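The values are calculated or read from the model by the stated rules, or taken from the named source; none is laboratory data. Since this is a predicted model, take the numbers as computed values, not measurements. The area values use the complete protein model at the heavy-atom level, side chains included, leaving out ligands, DNA and RNA. Shrake-Rupley method; radii C 1.70, N 1.55, O 1.52, S 1.80 Å.
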Amino acid sequence: MRIGVYAGTFDPITNGHLDIAKRAASLFDKVIIAVAEDNYKQPLFSIEERCDLIRTAIVEKNCGDNVVVDAFSGLLVDYCASQNACSIIRGLRAISDFDQEFQMALLNRSLKQGIDTVFLMSGSRYLFISSSIIRKSAMLGANVDDLVPPCVSKALQRKYHG
Ligand code: COA
């Protein structure tokens, strides 16, 4: 069984992330969307909220029955080993992502042999999306319905505008 771990903060998950998850689902037997619990980022949504939103979103966007959601803390490579995963999945939006991703992939490989990082190019419609740009736009009252799944759009509306 080939298991891939798609890790990130997902604060919140966007259509760009879901596009990567859906395409990864056709490459792996099982894809775990692994939500980082402790991160240097101060998240808007709690870990429970982020996981619940992703669970709803993967159904809304028809990502596939082989996509599951889990929270993790500590080193990503240790989490991957605990799940018997063979690959870390990452999305690349632009060349500017490459430096950091390259560094992270090499670090992860030096921490644990046998777990490779697989990069998928983001869909062209999603190249400019990031979670922080979504949060900022929603806070200022922008309509982000084309950029995030319906459950996330509603959750942002509740957080920022009551
Ligand atoms: N579509 C839309 N947005 C995307 C995207 C895509 N396909 N791919 C990346 N992004 C955005 C994210 O929304 C996020 O935007 P933001 O900074 O505005 O919030 C940004 O790109 C990067 O986020 P993400 O891909 O979620 O990664 P991350 O930096 O939040 O998370 C971890 C990185 C959690 C995987 C990493 O820190 C980790 O492995 N932590 C565990 C500890 C560890 O093992 N450390 C050693 C290895 S570094």
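Structure data summary
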| read-out | value |
| --- | --- |
| Cα gyration tensor category, rounded, prolate or oblate, for the stretch 45-133 with a/c compared to 1.5 | oblate |
| Calculated diffusion of the chain, Stokes-Einstein form, Kirkwood radius summed over Cα pairs, 20 °C and 1.002 mPa s, µm²/s | 134 |
| Net lengthening on full extension, D97/K112 (0.36 nm per residue, minus Cα-Cα) | 3.2 nm |
| Helix axis angle, 150-161 relative to the chain longest principal axis, alpha carbon, degrees | 60 |
| Apportionment of accessible area to carbon and sulfur, the stretch 3-161, percent (1.4 Å) | 52 |
| Cα long-axis angle, helix 47-60 against the chain (0 to 90 degrees, to the nearest 10) | 90 |
